[in-house]
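Reviewing the structure listed below.
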Amino acid sequence: MKVTGFELRRIAMPLVSPFRTSFGVEHDRDVLLVRAVTEDGAEGWGECVAMSEPLYSSEYVDGAAEVIRRFLVPAVLSLPDADPYLAEVPFAKIKGHPMAKAAVQTALLDAKLRIAGTPLAAHLGAVRDRVPAGVSVGIMDSIPELLEAVEGYLAEGYLRIKLKIQPGWDVEPVRAVRERFGDILLQVDANTAYTLADARHLAKLDPFELLLMEQPLPEDDIRGHAELARQVRTPICLDESITSARAAADAIALGATSVVNIKPGRVGGYLEARRVHDVCAANGVPVWVGGMLETGIGRAANVALAALPGCVLPGDTSASDRYFRRDVTAPFVLAEGHLAVPTGPGIGVEPDPDALAEVTTATQWLAR
Ligand SMILES: CSCC[C@@H](NC(=O)CCC(=O)O)C(=O)O
Ligand SMILES: [Mg+2]
């Protein structure tokens with residue numbers, strides 16, 4: 001596959017409501033989309049999930065755009081065949097920047113699969129044609145406000161609730177949700193907000209029978225998570241720590257995680273995401289697909305990934321209207337708590353030109 005060039009497109013996507021986590025509040029997404037164009041006119045799309053500021057991880061969208069422009073696109077254009085698997089070789093020589101790499105790799109993978117007429121789900125080894133949807137609920141100003149939000153999501157049909165927590169907003173909100181809604185599937189995500197010194201406090205979550213406690217400690221504290229796992233009953237699930245299949249194997253071997261949140265952007269793309277899935281499956285560790293507030297472009301690919309056999313828990317693959325009034329693709333809509341896996345070639349969705357034009361803030365064409 002010969003690529004003639006890439007379009008970098010920035011789009012401004014306001015959120016339907018602020019999304020608050022332990023590391024900040026998101027009011028809108030400044031999204032970088034990558035479109036690969038091949039010699040015979042095929043195209044492929046990838047979404048860079050880096051936030052505007054380096055608060056979830058070290059990447060941020062302006063930095064990702066620069067890495068793509070200066071290093072990743074030239075590396076791809078110098079390949080005799082712009083195959084996403086071949087591109088992993090020069091990409092591995094460039095340290096870090098998994099979200100930037102994932103966006104370019106996905107654009108190449110989408111183009112390759114569209115040419116072949118193969119859906120991404122089939123290429124990855126999907127075994128389902130729809131996936132159960134969970135929803136991530138941000139930190140709120142009050143418990144009544146939280147309960148109202150959770151009630152709304154349950155009424156929409158979401159099959160699992162994830163509550164963002166942080167010191168000062170953890171046991172009480174969880175207790176309130178458990179007491180009000182009974183034995184719903186419920187989990188929490190701390191986004192690295194605690195330390196091992198909080199172990200006894202975090203053990204107060206154990207009576208609420210949570211599915212998991214996501215990334216309580218800093219992303220590089222594998223030993224701490226292994227020690228915490230010995231002090232709390234709630235299963236530990238890692239997110240930020242799992243930067244590759246090898247990192248997943250190490251965390252599992254060290255007893256630091258018993259569930260894994262898979263995010264293609266965090267691990268450099270869907271090819272490595274499948275390897276994370278396979279390593280976890282080989283170790284009997286359940287996985288689910290996380291989210292980075294993707295538009296329908298990234299969401300389509302995530303839903304395909306969520307259809308893999310090891311994805312046995314509802315993921316953060318929510319409907320488009322969880323975050324956006326108008327998506328740039330046809331919206332993903334909840335049906336009986338599930339999202340349908342796209343069946344078209346590649347990621348199986350196309351951005352709507354009018355919707356895209358409405359939110360585009362900048363475009364740049366990068367060619368040989
Ligand atoms: C801005 S927070 C993004 C990272 C966060 N993502 C979510 O909570 C799910 C977001 C989504 O529904 O896409 C996580 O750490 O899991
Ligand atoms: Mg998380």
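Name the residue that is farthest from ligand 1 (Cβ to nearest atom), counting only residues in region 176-190 that are in contact with a Lys or Arg (Cβ under 9 Å, 6 or more places away or on another chain) and open to solvent by 10 Å² or more (accessible area, probe 1.4 Å).
The qualifying residue farthest from ligand 1 (Cβ to nearest atom) is Ile184.
One residue alone among Tyr158, Tyr194 is within 16 Å of ligand 2 (Cβ to nearest atom) and either in contact (Cβ under 8 Å) with a residue 40 or more places away in the chain or closer than 21 Å to Arg230 by Cβ (or both), and that residue is Tyr194. Tell me which residues, restricted to region 307-317, are buried (at least 23 other Cβ atoms within 10 Å of the Cβ) and either within 16 Å of ligand 2 (Cβ to nearest atom) or aromatic (Phe, Trp, Tyr) (or both). The answer is Cys311, Pro314, Gly315, Asp316, Thr317. Note on region 237-276: among residues that are among the hydrophobic types (A, V, I, L, M, F, W, C) and in contact with a Pro (Cβ under 7 Å, 6 or more places away or on another chain), the one that is farthest from Thr295 (Cα to Cα) is Val259.
Looking at this structure, is Arg246 surrounded by fewer than 22 Cβ atoms within 10 Å (Cβ to Cβ), away from ligand 1 (no atom under 16 Å from the Cβ) and either in contact (Cβ under 8 Å) with a residue 60 or more places away in the chain or within 25 Å of Gln166 (Cβ to Cβ) (or both)? Judged against the criteria, Arg246 is not a match. Residue under question is Ala301, and the condition is that it be hydrophobic (A, V, I, L, M, F, W, C) and surrounded by fewer than 22 Cβ atoms within 10 Å (Cβ to Cβ); does it hold? Judged against the criteria, Ala301 is not a match.
Residues of region 231-268 that are out of contact with any Lys or Arg (no Cβ under 6 Å at 6 or more places or on another chain), within 20 Å of Gly125 (Cβ to Cβ) and in a loop (DSSP other than H, G, I, E, B): Ile242, Ser244, Lys263. Taking the numbered list (1) in contact with a helix residue (DSSP H, G or I) (Cβ under 8 Å, 6 or more places away or on another chain); (2) among the small types (Gly, Ala, Ser); (3) open to solvent by 10 Å² or more (accessible area, probe 1.4 Å) in turn, Ala253 passes all entries but (1). Give region 86-101 a look and list any residue that's under 16 Å from Gly46 (Cβ atoms) and either polar (S, T, N, Q) or within 21 Å of the chain's Cα centre (by Cα) (or both), or say none. Hits for region 86-101 are Glu88, Phe91, His97, Pro98, Met99, Ala100, Lys101. Scanning region 163-182 for residues that are in contact with a strand residue (DSSP E or B) (Cβ under 6 Å, 6 or more places away or on another chain) and part of a loop (DSSP other than H, G, I, E, B) gives a single hit, Ile165. The C-beta contact set for region 63-88 (first residue over 26 Å from Glu53 (Cα atoms), second residue part of a helix (DSSP H, G or I) and among the polar types (S, T, N, Q), distance under 6 angstrom, 6+ apart or interchain) comprises Pro84/Gln105.
For the subset of region 128-172 comprising residues that are hydroxyl-bearing (Ser, Thr, Tyr) and under 19 Å from Ser22 (Cα atoms), which member is most open to solvent (accessible area, probe 1.4 Å)? So the residue we want is Ser142. Within region 326-355, restricting attention to residues that are of a type in the set (D, E, K, R) and farther than 23 Å from Leu271 by Cα, the residue that is nearest to the chain's Cα centre (by Cα) is Asp327. Residues that are farther than 22 Å from Ala111 by Cα and touching a strand residue (DSSP E or B) at 6+ places or on another chain (Cβ under 7 Å) within region 56-84 comprise just one, Val61.
Annotation: of all residues in region 318-351 being part of a loop (DSSP other than H, G, I, E, B) and on the phi > 0 side of the Ramachandran plot, the one that is surrounded by the most Cβ atoms within 10 Å (Cβ to Cβ) is Gly348.
Does Thr317 satisfy the condition of being within 20 Å of Glu272 (Cα to Cα) and touching a helix residue (DSSP H, G or I) at 6+ places or on another chain (Cβ under 7 Å)?
Values: within 20 Å of Glu272 (Cα to Cα): yes; touching a helix residue (DSSP H, G or I) at 6+ places or on another chain (Cβ under 7 Å): yes.
Yes, satisfied.
The values are calculated or read from the model by the stated rules, or taken from the named source; none is laboratory data. What you see is a predicted model; the values in this text were computed from it and never measured. With ideal geometry, Cβ positions are generated from the backbone for all residues, glycine too; neighbour counts draw on all protein chains shown. Heavy atoms of the whole protein, side chains included, go into the accessibility calculation; ligands, DNA and RNA do not. Shrake-Rupley method; radii C 1.70, N 1.55, O 1.52, S 1.80 Å.
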